[in-house]
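Visitor: The structure that follows is given in the form of structure tokens.
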Ligand code: APR
């Protein structure tokens, strides 16, 4: 049976594709306070601004491509069962060709009803105020904002409890509950953490099995995958 590798990714895996991370830019996200564009309160206060912000992010997906790190994770599937659990809302893992990708914080290329959170639609164009779900309620980005529940969390916990190895890539491990997931890996599971500026959060400090690879994802993940394919 193939070994099961669970990969936890954050904004850093897409940085070399040209998508900015969150916390590397003074707490601002593309010039905006996260409270403005990534909370239900921000949306209630200025829905047009929030829709436009995500429209720009969605449009940006057409300008960017998966990078070496995304592709290296696809190559890993030749030898391992690979599950990717990402905090990213971009589609670069899918476009690289990864077969199992769980999005903890939603997806830019989907929208959902403001009233019924299970009414989700694929969406590639701009979303405007006045665009409605099948039941007549305003649509919003399918993004998990701060203070909202993380519907895919249970699925992610189930996956990581079955890990033989964990690889963490490009996340500051600051945003919970996503950052707590690594604590659900079985005891003594080897954990690799690829990040040029790693932060060992509480869960990582509890583990004796963390190997930090202080590199950007393109280089660090490619080298790690080469090593894992040889083992
Ligand atoms: N390769 C790998 N890692 C990188 C690179 C790179 N080229 N460039 C930066 N990083 C690292 C940074 O050192 C940092 O540790 O990526 C991490 C990015 O951290 P954050 O900006 O905090 O992103 P992330 O951890 O994904 O944020 C989590 O916060 O705003 C919310 O919902 C949003 O999903 C997001 C969540």
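Visitor: For the stretch 41-89, what does the alpha-carbon gyration tensor say about shape, rounded, prolate or oblate, given a ≥ b ≥ c as the root eigenvalues, a/c under 1.5 as rounded, and a/b over b/c as prolate?
Guide: Working: a/c = 6.26, a/b = 2.39, b/c = 2.63.
Oblate.
Visitor: Evaluate the relative contact order of the chain (contact order divided by residue number), counting alpha-carbon pairs under 8 angstrom at least 6 apart; express in whole percent. Mind dumping the intermediate values first?
Guide: Details: 431 pairs, mean separation 54.0, N = 231.
Averaging sequence separation for qualifying contacts and normalising by length gives 23 percent for the chain.
Visitor: Taking the 0 to 90 degree range and rounding to the nearest ten, how far is the long axis of helix 47-60 tilted relative to the main principal axis of the chain, both from C-alpha atoms?
Guide: For helix 47-60, the angle is close to 50 degrees.
Visitor: Comparing 218, 12, 42, which has the greatest mean-square fluctuation in the GNM of the chain with Cα pairs linked when under 10 Å apart?
Guide: The residue that fluctuates most here is 42.
Visitor: Follow-up question, since we're still on this one. Report Rg(Cα)/(2.2 N^0.38 Å) for the chain, keeping two decimals.
Guide: On the way: Rg = 17.7 Å, N = 231, 2.2 N^0.38 = 17.4 Å.
Working it through for the chain, the quotient is 1.02.
Visitor: Moving on. In what sequence do 95, 57, 140 fall when counting other Cβ within 10 Å, fewest first?
Guide: On the way: 95 14, 57 18, 140 23.
Ordered by Cβ neighbours within 10 Å, fewest first: 95, 57, 140.
Visitor: Using a/c under 1.5 as the rounded threshold, could you call the stretch 169-231 rounded, prolate or oblate? The axes a ≥ b ≥ c are square roots of the C-alpha gyration tensor eigenvalues, and prolate needs a/b larger than b/c, oblate otherwise. Intermediate values should be presented prior to the final figure.
Guide: Numbers: a/c = 2.22, a/b = 1.35, b/c = 1.64.
Oblate, because a/c is 1.5 or more while a/b does not exceed b/c.
Visitor: Which percent of Cα-Cα pairs in the stretch 135-209 sits in each 5 Å bin, short to long?
Guide: The percentages, shortest bin first, are 3, 13, 23, 22, 16, 10, 5, 4, 3, 2, 0.
Visitor: Could I ask something else about it? Kindly identify the stretch 52-130 as rounded, prolate or oblate by the Cα gyration tensor criterion: order the square roots of the eigenvalues as a ≥ b ≥ c, call it rounded if a/c is under 1.5, otherwise compare a/b with b/c, prolate if a/b is larger, else oblate. If you can, show how the numbers build up before the last one.
Guide: Values: a/c = 3.32, a/b = 1.75, b/c = 1.89.
Oblate shape, in that a/c is at least 1.5 and b/c is the bigger or equal ratio.
Visitor: So what's the back-of-envelope 222 nm ellipticity for the chain, counting only DSSP H runs of four-plus at -39500 (n - 2.57) apiece and dividing by all residues, rounded to 500? The partial results should precede the final answer.
Guide: On the way: 8 runs with 63 residues, N = 231.
Taking each H run of at least 4 residues, the total per residue is -7500 deg cm²/dmol.
Visitor: Relative to the longest principal axis of the C-alpha atoms of the chain, give the angle of the C-alpha long axis of helix 217-230, reported between 0 and 90° and rounded to the nearest 10°.
Guide: 40
Visitor: Find how many whole Å separate the alpha carbon centroid of the stretch 1-52 from the alpha carbon centroid of the stretch 64-138.
Guide: Rounded to whole Å, the Cα centres lie 13 Å apart.
Where a number appears in this text, it was derived from the coordinates with a stated rule and is not lab data. Because the structure is a prediction, the values reported are computed rather than measured. Reconstructed Cβ throughout: ideal geometry from the backbone, glycine too, with neighbour counts over all protein chains shown.
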